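K.L.:
Mind looking over this structure? Questions follow.
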Amino acid sequence: YGLRKLMATNLLKRLESSVEAFRLTLTRVCQAMGNCVAKVDDYEKKHLAAADTFEFGQAVNDFDLDDEETLFTVGKVKPVRIGDMDYLTWRDYIKADIAVINELLVGINKVTVAHDAKLNELKEVIRKKISKPINTNNKKILLFTAFSDTAKYIYDNLRGDFNNDLALNIALITGDDDPKCTD
């Protein structure tokens, strides 16, 4: 229950940051969940095949029990063997979550850059700042965000309009990518 609340809070923070950050997070989570389902499916196929080929206590296929330790585990920090859990129920829960995430993605994908009210409001604030600066000729604006996805989204969607129309240089600095600048 606590983990669900934590995940929901994180997703809401991503949505609050930007539509794009939310979209990217949902896509990544869905891909990771799909990978888990595929891993469970592979485990199930391999074990059903091994069960079908058992003769006199010996497996006649090339399945090695040592492979199970590396191929059929989930989790990075504390790997858990798929065979040690109720993987069928777990897979069903994951599939249900994937269906919910896909519904969210269908809805969020309707929000394009042109319909992103938050981004459009930011553009308007910047235009006002440039047209009526507090200090004469001060065209400096610093934007901070907790999410690099949001920073990249803002940079990508401001650099064309503001670099060309208002002759502004725009830079992007994040902790996970090389700095970029329109200059």
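The values are calculated or read from the model by the stated rules, or taken from the named source; none is laboratory data. The structure presented is a predicted model; accordingly, all values stated were derived computationally and were not measured. Every residue, glycine as well, gets a Cβ built from its backbone with ideal geometry; the counts of neighbours run over all protein chains shown. SASA here: full protein model, heavy atoms, side chains in, ligands and nucleic acids out. Shrake-Rupley method; radii C 1.70, N 1.55, O 1.52, S 1.80 Å.
K.L.:
With an 8 Å Cα cut-off and a minimum separation of 6 or more residues, compute the relative contact order for the chain in percent.
P.N.:
21 percent
K.L.:
To the nearest 10 degrees, how steep is helix 87-108 against the longest Cα principal axis of the chain, on a 0 to 90 scale?
P.N.:
Result, in degrees: 20.
K.L.:
Let me ask another. Taking R0 as 30 Å, what's the FRET efficiency between residue 182 and residue 109 from their Cβ-Cβ distance, rounded to 0.05?
P.N.:
0.60
K.L.:
Another question about this same structure. Compute the long axis of helix 117-131 from its Cα atoms, compare it with the longest principal axis of the Cα atoms of the chain, and write down the angle in degrees, 0 to 90, nearest 10.
P.N.:
In the chain, helix 117-131 runs at an angle near 30 degrees to the longest axis.
K.L.:
Quick one: angle between helix 19-52 and the longest Cα principal axis of the chain, in degrees between 0 and 90, rounded to 10, please.
P.N.:
Orientation of helix 19-52: about 10 degrees from the principal axis.
K.L.:
Let me make sure I get this right: for the chain, a, b and c are the square roots of the gyration tensor eigenvalues over alpha carbons, sorted descending. Under 1.5 in a/c it's rounded, otherwise prolate if a/b > b/c, else oblate. Which is it?
P.N.:
prolate
K.L.:
Quick one: accessible area per residue over the chain, 1.4 Å probe, rounded to a whole number of Å²?
P.N.:
On a per-residue basis, the chain sits at 70 Å².
K.L.:
So what is the calculated 222 nm ellipticity per residue for the chain, using -39500 (n - 2.57) for each DSSP H run with n of 4 or more, over all residues, to the nearest 500 deg cm²/dmol?
P.N.:
The helix-only estimate for the chain comes to -21000 deg cm²/dmol at 222 nm.
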